[in-house]
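What follows draws every value from the coordinates through simple rules; no lab data is involved. Model, not experiment: these values are computed from the prediction. Glycine gets a Cβ as well: all are built from the backbone with ideal geometry, and neighbour counts include every protein chain shown.
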Amino acid sequence: MSDPDEKLFRAVILRAICDALGFTNVSKKKEEHVRAVREAREWFYDNGPDFRRICEWSDFDHVKVRAGVLKLIEARQSGDHSEIPDYWREAFRTNRMPSFTAFAEAIDNQLKRG
């Protein structure tokens, strides 16, 4: 897979992570927001073939992706942010999505296969 394709599929995963954590591109007052969060979380919970394929095409380890996202979802729901990266802790505290560029770089380093 070429580097541009890999970047595209990584962006799909990053968008799904943000959606699963409630940082959607949809107004929080709308039903679409609730649906986007639910569908993104289901994608990670289900660990289905589409999820694993996107991770493979991204050169990400699907086990690491899923474990990390489930940990973030739990932290978001419980309010215990002690075991998550600082950029997410700040995002949860302020209820603002972290810098997508910084987030993408950190994720690249944490989730690559190998």
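Summary table below
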item: Hits in segment 60-84 - residues which are surrounded by 17 or more Cβ atoms within 10 Å (Cβ to Cβ) and either acidic (Asp, Glu) or out of contact with any Lys or Arg (no Cβ under 8 Å at 6 or more places or on another chain) (or both); result: ASP61, VAL65, ARG66, GLY68, VAL69, LEU72, ALA75, ARG76
item: Qualifying positions in segment 14-31 - charged (D, E, K, R), within 24 Å of THR101 (Cβ to Cβ) and assigned to a helix (DSSP H, G or I); result: ARG15, ASP19
item: Looking only at segment 32-49, and only at residues there that are in a helix (DSSP H, G or I) and more than 15 Å from the chain's Cα centre (by Cα), the one that is nearest to GLN77 (Cα to Cα); result: VAL34
